[in-house]
1. Would you point out the residue of segment 271-294, among those that are of a type in the set (A, V, I, L, M) and surrounded by fewer than 24 Cβ atoms within 10 Å (Cβ to Cβ), that is nearest to S25 (Cα to Cα)?
2. So which residues in segment 202-225 are touching a Pro at 6+ places or on another chain (Cβ under 6 Å) and away from the ligand (no atom under 14 Å from the Cβ)?
3. When segment 107-151 is examined, which residues are found to be part of a helix (DSSP H, G or I) and more than 24 Å from H74 (Cα to Cα)?
4. Restricting attention to segment 183-201, report how many residues are within 16 Å of the ligand (Cβ to nearest atom) and surrounded by fewer than 21 Cβ atoms within 10 Å (Cβ to Cβ).
5. Among the residues of segment 140-155, are any under 16 Å from the mean Cα position of the chain (by Cα), open to solvent by less than 10 Å² (accessible area, probe 1.4 Å) and not charged (D, E, K, R)?
6. Give the number of residues within segment 224-242 that are open to solvent by less than 10 Å² (accessible area, probe 1.4 Å), in contact (Cβ under 8 Å) with a residue 40 or more places away in the chain and assigned to a helix (DSSP H, G or I).
7. So E261 clears everything in (1) crowded, with 24+ Cβ neighbours inside 10 Å; (2) away from the ligand (no atom under 16 Å from the Cβ); (3) of a type in the set (D, E) except one condition, right? Which one?
8. Only one residue in S222, S286, S217 is of a type in the set (S, T, N, Q) and within 19 Å of E353 (Cβ to Cβ). Which one?
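The values are calculated or read from the model by the stated rules, or taken from the named source; none is laboratory data. It should be emphasised that the depicted structure is a prediction, and the values quoted were computed from it without experimental measurement. No Cβ is skipped: glycine too gets one built from the backbone with ideal geometry, and neighbour counts run over all protein chains shown. Surface areas here come from the heavy atoms of the whole protein model, side chains and all, with no ligands, DNA or RNA. Shrake-Rupley method; radii C 1.70, N 1.55, O 1.52, S 1.80 Å.
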Amino acid sequence: MSQLGATRAAAIEAPTAPPASRRVSKFLVPEVIFGIGTLAEIGGAVRRVGGQRPLVVSDAGVLGAGWVERAAPHLAEVGLEWRLWSELTPNPKDYEVQAAFERYLEHDCDALLAIGGGSCIDLAKAVALLSGNGGRILDYVGIDRVQQPIPPMVMVPSTGGTGADVSQFCVITDSSRLLKVTIGGRALVPDISVTDPALLATMSPELTAHTGLDALSHAIESCVSDACDFLSRGYALDAIRMVAAHLPRAVADPHDLAAREGMARASLEAGLAFTNALLGATHAISHQIGGALDLPHGLLNAILMPHVMRFNAETHPQRYVEVARALGVAVDGLDARTAAEAAVERVEALGRELGIPPGLRSLGIDPGDFERFARDALADVYMTTNPRPVGEADVRAICLAAY
Ligand SMILES: [Fe+2]
């Protein structure tokens with residue numbers, strides 16, 4: 001049985017857990033280095049996993065902020081011969097993966113080092129996959145289709161939301177079908193994740209809000225997922241507490257390093273939760289809209305999340321009680337439905353406070369596309385762990401509610 005299959009089979013239905021004898025939990029996690037100043041450790045990290053000629057994947061924003069320049073001495077001091085690849089866009093496309101892979105081969109690289117947000121990390125994973133397995137990236141869509149070992153990967157996240165630095169997933173845009181596809185499996189768990197919260201301080205307030213709410217959506221969706229167990233739940237709930245405590249401050253004051261550290265921790269913990277417990281309908285739907293219209297992933301999740309929560313809470317309100325408590329709602333004495341609705345309202349209020357537009361309408365989305373989004377969302381891997389079964393009509397209704 002695959003790791004994902006085992007995790008799902010072992011799902012603990014909160015709050016009524018199966019008998020102790022039937023519980024099986026597995027938890028995938030890379031080596032994690034966390035703390036301000038840990039950018040200095042990246043050269044040693046690449047060396048430790050056997051890399052000598054890493055392809056460094058970054059993007060224009062991270063380059064402009066000077067982080068690759070600051071990283072360079074730490075690579076040189078251990079004698080790494082590195083090459084840079086930064087020709088990618090948000091929601092990285094299949095042809096960008098191919099171009100990066102050709103650069104990787106051209107320079108005889110032997111490891112991947114991503115310094116950037118989720119797009120850089122996902123692209124680096126895709127290049128590593130091709131290096132070990134050949135073919136085209138879209139050949140590997142789905143779970144556990146990666147058969148051969150892949151080169152070492154060290155990931156340095158620069159945003160407070162991705163979680164890709166610790167996850168077993170890689171999301172790429174299929175440019176011919178205009179949708180995002182997910183590639184998953186234990187081979188894609190990076191070897192080392194190096195989180196230096198100082199890198200987050202160069203994000204704009206808007207990017208901070210989008211990526212921070214993406215981290216919140218990872219935490220909430222994994223916490224209520226059918227595959228959530230005690231290991232993932234602890235990380236997910238702490239990530240929710242961290243977002244509630246730190247995201248407004250991180251958006252209001254980019255240089256508040258304590259808030260940046262709190263959001264870096266939220267992102268890391270939410271990533272640890274969702275790579276093991278998976279996600280739900282928010283991501284299954286946002287992948288379709290994001291792939292079709294090339295819109296910011298975190299922004300779409302921020303808009304969709306309360307509506308998916310409300311939909312799920314109709315049948316599974318109990319799963320949102322601890323979510324509500326972690327968000328700061330005083331749940332004692334409340335019945336599960338009231339607590340769940342309070343959690344939804346808290347998330348909506350946070351979105352308003354951070355300047356998230358009220359609906360999909362403001363993003364220029366055509367409701368005529370909801371039919372297609374609904375059809376494709378049902379095939380998304382993350383739909384399998386949404387607590388409430390979802391049909392095409394449900395997705396259309398959620399999109400209309402979020403419009
Ligand atoms: Fe996400």
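1. Start the filter on segment 271-294 by keeping residues that are of a type in the set (A, V, I, L, M), which leaves 272-273, 277-279, 281, 284-285, 289, 292-293.
Those still in the list that are surrounded by fewer than 24 Cβ atoms within 10 Å (Cβ to Cβ) too: 292-293.
On the way: A292: 36, L293: 38 Å.
Among them, the one singled out is A292.
2. V224
3. Of the residues in segment 107-151, the ones part of a helix (DSSP H, G or I) are 118-133, 137-140.
Within segment 107-151, A126, L129, L130, S131, G132, N133, I137, L138, D139, Y140 qualify.
4. Residues in segment 183-201 being within 16 Å of the ligand (Cβ to nearest atom) and surrounded by fewer than 21 Cβ atoms within 10 Å (Cβ to Cβ): 0 in total.
5. Let us first name the residues in segment 140-155 that are under 16 Å from the mean Cα position of the chain (by Cα), namely 155.
Those still in the list that are open to solvent by less than 10 Å² (accessible area, probe 1.4 Å) too: 155.
Still in the running and not charged (D, E, K, R): 155.
Scanning segment 140-155 turns up at least one residue that is under 16 Å from the mean Cα position of the chain (by Cα), open to solvent by less than 10 Å² (accessible area, probe 1.4 Å) and not charged (D, E, K, R).
6. 4
7. (1)
8. Numbers: S222 fails: within 19 Å of E353 (Cβ to Cβ); S286 fails: within 19 Å of E353 (Cβ to Cβ).
From the options S222, S286, S217, the qualifying one is S217.
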